[in-house]
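Report on one structure; see the data block that follows.
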Amino acid sequence: MSPSKAEGSNGLTYADAGVDIDAGNALVDRIKPLVKATSRPGADSDIGGFGGLFDLKRAGFHDPILVAANDGVGTKLKIAIETGQHRTVGIDLVAMCVNDLVVQGAEPLFFLDYFATGALDVDTASDVVAGIADGCKLAGAALIGGETAEMPGMYSDGDYDLAGFSVGAVERGQILPRSDVAEGDVLLGLASSGVHSNGYSMVRKIMELAGLSWSDNAPFETGKSLGEVLMEPTRIYVKPLLAALKETGGIKALAHITGGGLPENLPRVLPDDCSARIDLSMIDPPAVFSWLAQTGGVAESEMLRTFNCGVGMVIAVSRDEADAVAGVLRDNGETVAVIGRIEAGGDTPVLFDNSLGFSG
């Protein structure tokens, strides 16, 4: 038997095993200016060190509580990979983390990402990181580090996975939800930009059953393909909400509407003796939701527990502060509607009146 290459020579390299160190270095060089563009007070270190540094004092905090969140993008990544639209999933990744920070009253400070793939494609990875940088700028967070993992044999050709981690801070005594959420409080809903980053296993199943492709024209939006509509990134609500918190002091609780929809996420911020009553007729869902319901034959109750259905964030506020809070949010670019109220009694945490008008 002839000796193997490993046994008979000293020529085996890491690249022979499927890991391209040079490509990794090229990626770091390419993303450095993207990372630098997200700098903010408290974050001044360059990318490339063993850890990212952040100075809370320089960020202006006096007695802060740190809040951390991590998340991914889910099977929306499959659409990004299959359509070649890699830029916006980075925004999704940031949004899923920082929106979870702001609901606790925290200002996002910094973000770190994890990008894993079988064979590193520098163009794809740099597009993803560019989107992450876009998301960080929208949230006011600094991208202070991350990890790129090239793992041959773990992923199919062209596949990759993403994870994100973010830390924010809130002054002691300003943590949400407040303890005074009570009967009579108004519920404001902030419009979503579309499906956001939850429910994509359902989306992909509907596409499969209907025999549709991502390149097919979206029947409900002129001039766009289904892939383009479904890749619309998650809306980042951080800056408008921080402005409303600062300018009004009227926000009692916030709920980020992600997986599980309104029925699963609203109870997370309600007192045990309270329920949320939602008037579905006050919600104006993007057309994509009606199309998904009709094309997939999905019942409204299932739509509500799978998707955001047009509301990406819910705000609990006292009745006399509702107009002021809504005004600041509108001034900062949000579409706001009164979608319900808080009631006494917690046996059924979320009650729905009327309908979204789907006919799935």
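The values are calculated or read from the model by the stated rules, or taken from the named source; none is laboratory data. Please read all numbers here as calculations on a predicted model, not as lab measurements. A quick note on method: Cβ atoms are made from the backbone with ideal geometry, for glycine too, and the neighbour counts reach across all protein chains shown. Each accessible area value is taken on the protein alone, full model and side chains, heavy atoms only, with ligands, DNA and RNA left out. Shrake-Rupley method; radii C 1.70, N 1.55, O 1.52, S 1.80 Å.
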Angle in degrees between helix 200-210 and the longest Cα principal axis of the chain, rounded to the nearest 10: 80
Environment charge of D353, counting only residues whose C-beta is closer than 10 Å and scoring Lys/Arg +1, Asp/Glu -1: 0
Nearest-10 value in Å² for the accessible area of T295, using the 1.4 Å probe: 60
Calculated [θ] (222 nm, deg cm²/dmol) that DSSP helices of n ≥ 4 give over the chain, each run adding -39,500 (n - 2.57): -10000 deg cm²/dmol
Residue-normalised accessible area of the chain, expressed per residue, 1.4 Å probe, Å²: 46
Accessible-area composition of the chain, carbon plus sulfur, in percent [1.4 Å probe]: 48
Dipole magnitude of the chain, debye to nearest 20 (Cβ charges: Lys/Arg +1, Asp/Glu -1, about Cα centre): 440
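I want the local charge near I65. Using Cβ-Cβ distances under 10 Å, sum +1 for each Lys or Arg and -1 for each Asp or Glu among the other residues.
My count for the surroundings of I65 gives -1.
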Rounded to whole Å, sorted largest first: equivalent-ellipsoid semi-axes of the range 63-159, Cα gyration tensor: 26, 13, 12
Base-10 log of normalised Debye intensity for the range 228-346 (one unit scatterer per alpha-carbon) at q = 0.10, 0.11, 0.12, 0.24 Å⁻¹: -0.33, -0.39, -0.47, -1.54
Environment charge of K137, counting only residues whose C-beta is closer than 13 Å and scoring Lys/Arg +1, Asp/Glu -1: +2
Cut-off under 5 Å, modelled amide H: who pairs with I65 long-range: V170, E171, R172
Where only alpha carbons of the range 114-229 are counted, the Rg and the Dmax (Å): 19.8, 57
Karplus-derived HN-Hα couplings along the range 224-234 (A = 6.51, B = -1.76, C = 1.60, θ = phi - 60°), whole Hz, x at Gly and Pro: 10, 7, 4, x, 5, 5, 6, 8, 3, x, 4
In the range 154-193, the chymotrypsin sites (Phe, Trp or Tyr not before Pro) that fall in loop regions by DSSP, at most 13 other Cβ within 10 Å: none
